[in-house]
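Data block below; observations after.
The values are calculated or read from the model by the stated rules, or taken from the named source; none is laboratory data. The structure presented is a predicted model; accordingly, all values stated were derived computationally and were not measured. So basically every Cβ, Gly included, is an ideal-geometry build from the backbone, and we count neighbours across all protein chains shown. When the accessible area is computed, the model is the full protein with side chains, heavy atoms only, and any ligands, DNA or RNA have been set aside. Shrake-Rupley method; radii C 1.70, N 1.55, O 1.52, S 1.80 Å.
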Amino acid sequence: MQHVGQEVTLSGWVQNVNDLGFMMFLNLRDRYGITQLSFNEEKTPKDLFEKARSLGREYVIKAEGTVIERASKNPKLPTGDIEILVKKLDILNTSKVPPFTIDDDTDGGDDLRMKYRYLDIRRSPVQQSLIFRSNVAIETRKYLAGEGFIEVETPNLIKSTPEGARDFVVPSRMNPGQFYALPQSPQTFKQLLMVAGMDKYFQIVRCFRDEDLRADRQPEFTQIDCEMAFVTREDILNTFEGLTKHLFKTVCGIELSDFPRMEYDEAMRRYGSDKPDTRFGMEFCELNDLAKGKGFGVFDNAEMVVGICAEGQAGGYSNKDLKKLTEWMQRPQVGAKGLVWVKVNADGTFKSTVGKFFSEEDLKAWADKMNAKPGDLLLILSGETDKTRKQLNELRLEMARRMELMKPGDFKPMWIVNFPLLEWDEDSGRFHAMHHPFTSPLPEDEEKMLGGDHETMKRLKANAYDLVINGVEIGGGSIRIHDRMLQEKNFKLLGFTEEEAEAQFGFLLGAFDYGAPPHGGIAFGFDRLCAVMRGQTSIRDFIAFPKNNMGRDMMIDAPSRIDEGQLEELGLEVKVGKE
Ligand code: ASP
């Protein structure tokens, strides 16, 4: 309102036009929002009125006029109290009718929005997400620079780094038959920077992984990547807890309290997940001691009987609903064999699928152990420990969704620490690195790693950590191995022959011969962090030009074929799909 009476010039796009005959209103959109322009028979010259009438949606215009108070105000808009009485109008460009409505709620499907992403970005929610991302990036740089970090760029045309996904490869014209790999992360380079004495490195960096895609995954994504030398795990966790708090405070105005830490084993026991959503409880309760040995074969033969208590849900679930819930658990995506339920009735009695096998007293003992009250619903699974926990994790999350326990605006960050170092894979008969092959075991496990037997290897703990917020893995890192012998041993455990290790990682092993300092680091998924901070599940709108689920850029139509000449120059022959 303080602008009333001022002469202004605005440029932007026509959002919509409301022509009342003797008066005309037009919403003009620019990066800063929407402003109403007005024209009326009394005050607007005839030729200007006619010109305004020729405008269509998304025309680009420049309008000059006087700010006046609106007769009917719009409280939904920041500029809703005023409008511009237009005196001069330039049409800077015309526009075809856009293929979808450019409004907060659009009628455009995903692929159409991606194809015309430049129109999609005109929509305020997408624009706001990109501005938000920019703010997070700027604050990240400010914070890390303040902590003495140096931003270093590492190459994109490299040799494969094993982060567990497939590489995207780029053929080399000058070296026929040879390929670069695009970095899955700058892992080895940042370690080499530590050997080089750079001490505190960071980079907001693009990484590439050829994986199956989901809403929270893109083939190219961005990391806040960091490494520090002469530090312990404590220094790294404190620095990046500090960064996270700084970002929430400066960008969202939210003060986070100190992040709790939980051991991997404990997270698996209490939540069946290494990224638990702790905005709500519904923790696991193991019932082996109470439920086994009572003649119910399914439980008696199970390694693990474990359940959750869904508060106040007994009344809301009919037998039919519970059957549906069981079927939901039996879908291949979850893979449970069945689901045992117990309703705690208001009068303290019980109703259960397994009522035949267990007495009221037995069921009461379960309910007591699970802290259940009348009206609660107990949901119990059984089977092999790891599988059952994973399935119950799915059920816990599903129940929380149904019960609306994941409150938007509530942020529960936590560190998960002490992951297993190695995972044994029966099929390939070899170990896989749980984080990556450069991760150090906990100091107390180093000796066991050098001399232990197979079973010992399965129990080694990594000096690795993940930051989790609201059930989403924001990032992870580790203290690295900086000793050549230990690194060689790790490669051996991971199934590399000496020659393979030398061929793939000789450069790193070689560097360890020249005074590698103790070091460690972390990387945050930047797109994901932005989405979580804004309470969203999809990372797409935080990426200006994302790809669809098939890894396609719908706008530029990539990937695409290249012509024969280019192929020849690269010494390549394409067999798949050749016409
Ligand atoms: N390079 C690792 C990753 O991309 C992060 C790290 O260990 O620093 O997950």
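Data for the structure
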read-out	value
Residues satisfying the stated conditions in segment 493-533, i.e. surrounded by fewer than 19 Cβ atoms within 10 Å (Cβ to Cβ), in contact with a Lys or Arg (Cβ under 9 Å, 6 or more places away or on another chain) and not in a helix (DSSP H, G or I)	494, 495, 513, 518
Those residues of segment 477-492 which are away from the ligand (no atom under 16 Å from the Cβ), surrounded by 15 or more Cβ atoms within 10 Å (Cβ to Cβ) and either under 31 Å from the mean Cα position of the chain (by Cα) or without any contact (Cβ under 8 Å) to a residue 24 or more places away in the chain (or both), in sequence order	488, 491
Search result, residues across segment 223-243 that are under 15 Å from the mean Cα position of the chain (by Cα) and open to solvent by less than 10 Å² (accessible area, probe 1.4 Å)	224
Wholly within segment 360-455, strands (runs of 3 or more DSSP E) carrying at least 1 residues that are surrounded by fewer than 16 Cβ atoms within 10 Å (Cβ to Cβ) and more than 16 Å from the ligand (Cβ to nearest atom)	422-425, 430-433
Members of segment 249-276 that are in contact with a Phe, Trp or Tyr (Cβ under 8 Å, 6 or more places away or on another chain), open to solvent by 30 Å² or more (accessible area, probe 1.4 Å) and either in contact (Cβ under 8 Å) with a residue 40 or more places away in the chain or closer than 30 Å to residue 388 by Cβ (or both)	251, 254, 260, 261, 264, 269, 270, 274
Residue within segment 526-533 that is among the charged types (D, E, K, R), within 16 Å of the ligand (Cβ to nearest atom) and modelled with pLDDT of 95 or more present	yes
Within segment 66-84, considering residues that are in contact (Cβ under 8 Å) with a residue 40 or more places away in the chain and among the hydroxyl-bearing types (Ser, Thr, Tyr), the one least open to solvent (accessible area, probe 1.4 Å)	66
Close pairs from segment 303-332: first surrounded by fewer than 16 Cβ atoms within 10 Å (Cβ to Cβ), partner of a type in the set (Asp, Glu), Cβ under 8 Å, at least 6 apart	303/384; 312/376; 328/398
Failed criterion for residue 282 (all others in (1) in contact with a helix residue (DSSP H, G or I) (Cβ under 9 Å, 6 or more places away or on another chain); (2) at negative phi; (3) open to solvent by less than 30 Å² (accessible area, probe 1.4 Å) hold)	(2)
Some residue of segment 132-143 being without any contact (Cβ under 8 Å) to a residue 60 or more places away in the chain, among the β-branched types (Val, Ile, Thr) and farther than 30 Å from residue 533 by Cα	no
From the options 135, 156, 175, residue that is more than 25 Å from residue 472 (Cβ to Cβ), under 23 Å from the mean Cα position of the chain (by Cα) and away from the ligand (no atom under 13 Å from the Cβ)	156
